[in-house]
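Read through the structure below, which is laid out as structure tokens, and then see the notes.
The values are calculated or read from the model by the stated rules, or taken from the named source; none is laboratory data. Owing to the predicted nature of the structure, the values given are computational and were not obtained by experimental measurement. FYI the Cβ positions are ideal-geometry reconstructions off the backbone, even for glycines, and counts take in every protein chain you see. Each accessible area value is taken on the protein alone, full model and side chains, heavy atoms only, with ligands, DNA and RNA left out. Shrake-Rupley method; radii C 1.70, N 1.55, O 1.52, S 1.80 Å.
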Amino acid sequence: MGHQPTRRVARSAASVATAALTLLTAGLFTAVPAHAAAPGSYLFVDAPDSVTVLPRTAAAGPGDTFRPFALAVADEEGGPLRNVVVTVDASALAGKAELQLPAGCTFTDTAHLRVSCTAARAADEADFRLGVRAVQGAPVGASGTVRYTAAADGAVQEPDSVTTEVAVGSGPDLAVKQLPSTTRVAPGGSTAVPAEVANIGDQDAKGLVMIAETQSGFRLSGNYRNCRYGVNDGASVGGSAVLCRFDSTTLPAGATYRLSEPLTVAAGKDVGSGFLGYVFDVAGGEIDGSRVTGGTPGTGPELTLAPVPGTRSAAKDIDFDNNTAVTILDTGLRTDLAVAPVAVSGTVGKPLALDLTVRNVGTAAAQPVGTAGLQVLSPGEVPSSASALVLVSLPAGVAVQRAPRYCAPVQDVPVPAGSGEMAQRFTSRLRDRLHGALTRAQGAPQYLCWLAGKLPAGGSASLAFTVKPGRALDGVRGQYMALSLSLDDNGSNDLALIRLSAKGATATGSTGSGSTGGGSPAPQTAGGTSTGGTSAGGSTTGGAALAATGSSGTGLLAGAGAVAVVAGAGAVLAVRRRRA
């Protein structure tokens, strides 16, 4: 299987944390960590799950063209790389397919099926663009698996094996025109985005279907009678989704068609950034096989597909990997979640209030994201939508007597029966990191909390814990981190210290009290309530300063990569296919 944390779709956002976008048809998008690199971290190899090549014919034809597939290597925490070496083993393609190499790659065998690619250094990702095509005489159905290994200074490859299945196939192959990495839209305004689809296969595509989806805070407009508005598959991101059918349209092999009207996206007045994605498929293919339901049919004219001038005209799509396009919608407003250091003191064995506050000091609301695809992360109650995750790592020697609603201790990440490939890979990696974090934490409490609903600009959300020190403590350290599920490009104020002190019990005893850095917190509730109003100032502590503190009980936050995986958040957005 190919791991998919690419930065190619949204390079302009490569230093920010973005929401994980689950497109309909069981999740065509995913995202990955982006933090400063650390020695001994994992390398992620990014390669397509599968590539389908056309059969070759005696006469010149489309099968003669090498199909490109991108290979990339990135540090799990988004840092720079040095002395990258990637090996490609395509020996299983002998007699079936052949490779084309870019600069930086050389063959290491006489059969030209084993490859070594090198890069002395890369800012955040080492990219190699290979090509593959069938050999003359390879029959339809012939296939083989390409395997990869990677190494770089100070990093090792992730445990998961990374492979690409290359197969010779005949049929239609839809490929959409990629969108710009960023599309500007004014707050409260709208923008038009053209959508084009080509058939690069060797057979006509008879009947097409399209899904387009935006993230929460944006809305797709239109009223076409062959479209259903508000469709979902139970894992929507809480935005706007539309399914349109073109059952009577035939897209000839070699032709490119365009929507008769562009996709029109309207932005809310308080939204910062989000995503627009669209995907085309042949009728009866991946989309029709998914669990997309609901929606309200339009009542206006029909949306159609028409040939693009200058292109020639000339089953199931033989390669679904190139059917999707995505762009970042950017209003210029920014979400900026901030936390501040907290210090509390009390008495051994007595309840102690620990109030943690997350503020939105940005100009855009932290938009709510549907949690249907993320509920596997938490063993406790999960809201239907959330704007952020908060990871709380308390010091050793402290027990939690009462946790806020939507907060649960993190011990393991189960994979529900019947989960798809994406959930299994996601939770498997999280489980491995979590086990390591809990080992470092030496039994200290680790909690994952959801902030329900929207967190407006200038608003705050509070998490009220009640803890009980089990022994004398002198300023022992914990940490908590806020992770927005909207774009938040200021990571310096996302992480802050928790300091706890406790003295031995006296004869009279009293309930402990605490003080917080960064101003007075908003009123506390058991539910992690969001409040509006002016954000309070105060000092914040960035991740770099915290990294040097050293403390037992902060294991869950010790690896920024693990934190980002928990949130399903990261600096990039990747397109991946839905596996049947």
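Note on residue 206: lysines with a C-alpha under 24 Å away, same-chain residues under 8 apart excluded, are 177, 316. Close amide H pairs (under 5 Å, H built 1.01 Å from N) link residue 249 with 207, 208, residues at least 5 positions away or on another chain. Can you tell me the FRET efficiency between residue 186 and residue 70 if r is taken as the Cβ-Cβ distance and R0 is 41 Å, rounded to the nearest 0.05? Between residue 186 and residue 70 the formula returns 0.80.
Partner lysines whose Cα lies under 23 Å from the Cα of residue 269, excluding those fewer than 8 positions away in the same chain, are identified as 454.
Summary value for the range 66-120: 39 percent relative contact order, contacts being C-alpha pairs under 8 angstrom separated by 6+ residues. For the pair residue 145 and residue 221, the difference between a 0.36 nm per residue extended length and the Cα-Cα distance amounts to 23.1 nm. The lysines whose alpha-carbon is closer than 30 Å to the alpha-carbon of residue 468, local same-chain residues fewer than 8 away aside, are 350, 503.
Mind giving me the nanometre distance, one decimal, between the label points for residue 400 and residue 363, set 7 Å out from Cα along Cα→Cβ? Here the answer is 3.6 nm between the modelled labels. Kindly identify the range 133-215 as rounded, prolate or oblate by the Cα gyration tensor criterion: order the square roots of the eigenvalues as a ≥ b ≥ c, call it rounded if a/c is under 1.5, otherwise compare a/b with b/c, prolate if a/b is larger, else oblate. It comes out oblate by the Cα gyration axes. With bins 10 Å wide beginning at 0, the percent of Cα pairs of the range 198-269 falling in each bin runs 17, 42, 29, 11, 1.
Take the solvent-accessible surface of the protein heavy atoms, probe 1.4 Å, and return the percent of it on the range 99-154 that carbon and sulfur atoms account for. Summing carbon and sulfur atoms, their accessible area is 51 percent of the total for the range 99-154.
A crude spin-label estimate for the pair residue 59 and residue 156, with each label 7 Å from Cα along the Cβ direction, gives 5.6 nm.
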